[in-house]
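The structure appears right after this line, and notes come after that.
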Amino acid sequence: MATGRRADARTPSPTETAACRLLDLLAADSPAEDLALEPARSRADGAAAPEVARIEEATEAALTVRRVLDQYRRREAELVALFDTAGDLARLRDLDAVLRAIVRRARTLLGADVAYLTLNDPVAQDTFMRVTEGSVSAAFQQLRLGMGEGLGGLVAQTARPYASTDYHADRRYRHTGTIDDGVSEEGLRGILGVPLRLGAEVIGVLFAADRSPREFTPDAIALLGSLADHAAVAIDSARRLGETRTALARLESATARAHAHGEALHQASDAHDRLSKLVLRGAGSDEVAAEIAALLGGGVALHDTDGSELARVGTDPVAPSPADLDASRTGGRAVRSDGVWTCAVLAGAEPLGSIVLTGRADLPEADRRLFERAALVTAMLLLIRRSVAETEDRVRGELLDDLLAGPGSVAHRDDGSLTLRARRLGLDLARPHAVAVLDCAPALRTRLAAENARTARRLGGLAGTRHGAAVLLVPCDEPGTLARGLAADLGRTVGAPVTVGAAGPGTAPAHHAALHAEAVRCLTALHSLGRTGSGADVADLGFVGVLLGDRADIGPYVDRVLGPVLAYDAERGTELVRTLSAYHEHGASLSRAKDALHVHVNTVVQRLDRVAQLLGPDWNSPDSALEIHLALRLHRLSHGSPGH
């Protein structure tokens, strides 16, 4: 029993004592430095050398256990941090916030001085600095790295992590002046970069860096790589969420626009129906303008193609700007200038007139469409008006043809019938009327005929075309004044000289044919006298007018004065009359006459010698010269025609 008690009370060996202390230190999570002191403590307690050796082995084992435990704790902390990071990133919705959170957590997890992130630019084929944490250099924060340039460019190109203990001294990377300057300004030495990957695609690079040399362990590389994997997914999610939000916003905007467009179309359609019904039941320009003004809440003016006002409601007189009208015709939309809206009224590509809207500084899209719909309805109104006017013009033209046919024609067998037809058209043929014949350049005669018809409607007369010339019959007792006014007004409208010969007044259907013939002779005289572009009646033409107006037979007079010369030219095909005319027209100057005739002066002298032989030696005396000059003019008048 005593022996047993002595065995139970045996004193532990130094090795056992040291092992117990090591276990206690491990259990207390004491630092490695405390564990490493155990061999020295045992030696101080007098342990023998063999015991000290065993204690050192035990201490080394305890330190290994300690390192493993530290590693597990660190891995646990890293996993917790990654889990927290994943949760934080999952809660973020804004891409910028996601990127800032990534670099902030990377800097924290790796204990780095600086963390930053670059994103690839597929268009520029490089990678650019997107977010930094801990950076102080503006140049560094704006770096762009070409693929394969520097550590980051190599990571972006190869999709593999790269680390450098001291970047400036590391020759494994392609150094560039821009990158090296930026890194130097930031003061970075140790740099680690890992790719941000989405499947096989690299979208950027995540970095951790220190301002002193640093050897990045495999654990640090793996940790930053794991964070980069989470970050890539978060970036992709944030991008997709942003794209979805943008798409939803666009969809909502498009829906709102479609709804507003539908409402505008509905309103425009209703307004179009109202205006169309108004036109179809025979409303005039004033009623249509009033309805448009009420629909748009402004002043409205309708104009014809020549700018003349057709109707005006709620506004002062306002003319469409030519530039705005041209822009509206070209673009097919209403145009605003200086607070005035202008819309061309078109039938296809044919201009019919315009609408001007005042009092509306701005027009929402719905009102603008309504205004443009109003232009379509106005086009229908003007087309109907034009159709009616053309029908009326045709009836009036037929009456004019019958009036000018003259006594003895079928139409003049019953003057009472002509008078009745005229009365139905609002004309009183018992009133004094004048006849005007109008002429211009051949290319503009169609335009002149249309403007002549418009003038007839305005003056309450008849218009038509006879023998290729425009004819006008209107109530008037001063034909000369009428002719001059028509030449001036229609010349401006047509944009070219308009010559007008007039005659009158006459007060019965039987007179109008004779007036027409006199007006034609007057027009011919104006052309022959070089007065193209002017207007006159026979009273305005002096002695020529007296001859024309008296219906004198000028043939015998011309034959008496110029007969031998005319006969000579007719028999031999010479140009004595033409030479004689040029000689008198140019002041009896041989040099100017030869220039006008484009012949040598000797030719002019020879021809005039022949004239002297035919007319007598005194042909060039003042009295004879006057008669010859007058006969030449009358000959030209009697052989001329409108337009020559």
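Values quoted throughout were computed directly from the atomic coordinates according to the rules given, and no laboratory measurement underlies them. Fair warning: this is a prediction, and the values are worked out from it, not measured in the lab. Every residue, glycine as well, gets a Cβ built from its backbone with ideal geometry; the counts of neighbours run over all protein chains shown.
You can think of it this way: the chain between Arg560 and Asp45 has 168.2 nm of extra reach, that is 0.36 nm per residue less the Cα-Cα gap.
In terms of the Cα gyration tensor, with a ≥ b ≥ c the square roots of its eigenvalues, is region 289-389 rounded because a/c is under 1.5, prolate because a/b exceeds b/c, or oblate? Verdict is rounded for region 289-389. Sequence-ordered 3J(HN,Hα) estimates for region 621-637 from the Karplus curve with 6.51, -1.76 and 1.60 and θ = phi - 60° stand at 5, x, 5, 5, 4, 5, 5, 4, 4, 5, 4, 4, 4, 5, 4, 5, 4 Hz, glycine and proline given as x. Note on the chain: Cα Rg divided by 2.2 N^0.38 Å, N the number of residues, gives 2.14.
Distances between placed amide hydrogens fall under 5 Å for Gly535 paired with Val500, all partners being 5 or more residues away or on another chain.
Here the extension length gained between Val395 and Glu478 equals 27.3 nm, from 0.36 nm per residue of separation less the Cα-Cα distance. Packing here is the average count of other Cβ atoms within 10 Å per residue, and on that basis the peptides 613-625, 203-215, 558-570, highest first, run 203-215, 558-570, 613-625. Counting Lys and Arg as +1 and Asp and Glu as -1 over every other residue whose Cβ lies under 13 Å from the Cβ of His600, the net charge comes to +1. The Cα center of region 91-161 and the Cα center of region 424-473 differ in position by 86 Å. Projected label points at Val605 and Glu185, each 7 Å from Cα along the beta carbon direction, are separated by 9.9 nanometres. For the listed peptides 42-54, 24-36, 357-369, a ranking on the average number of other beta carbons within 10 Å per residue, highest first, reads 357-369, 42-54, 24-36. Across all C-alpha atoms in region 141-227, the radius of gyration and Dmax reach 12.2, 35 Å. If both residues of a DSSP beta bridge must be in the chain, then about 95% of such bridges are antiparallel. The listed peptides 147-154, 248-255, 168-175, 441-448, ordered by packing as a protection proxy, come out as 147-154, 441-448, 168-175, 248-255 (highest mean of other Cβ atoms within 10 Å first). Per residue of the chain, the DSSP helices (runs of n ≥ 4 H) give a summed -39500 (n - 2.57) that works out to -19500 deg cm²/dmol at 222 nm.
Evaluating 6.51 cos²θ - 1.76 cosθ + 1.60 at θ = phi - 60° for every residue in region 596-608, the Karplus couplings come out as 5, 8, 6, 10, 6, 4, 5, 5, 4, 4, 5, 5, 5 Hz, glycine and proline recorded as x. With the simple model of a label 7 Å out from the Cα in the direction of the Cβ, Arg257 to Ala327 spans 2.2 nm. Placing +1 on each Lys and Arg Cβ and -1 on each Asp and Glu Cβ, with no other charges, gives the chain a dipole about its Cα centre of roughly 820 debye. Expressed as a whole percent, the proportion of Cα-Cα pairs in region 555-639 lying more than 19 Å apart is 31%. The stretch between Asn620 and Leu459 holds 52.9 nm of extra length on full extension. This uses 0.36 nm per residue minus the Cα-Cα distance.
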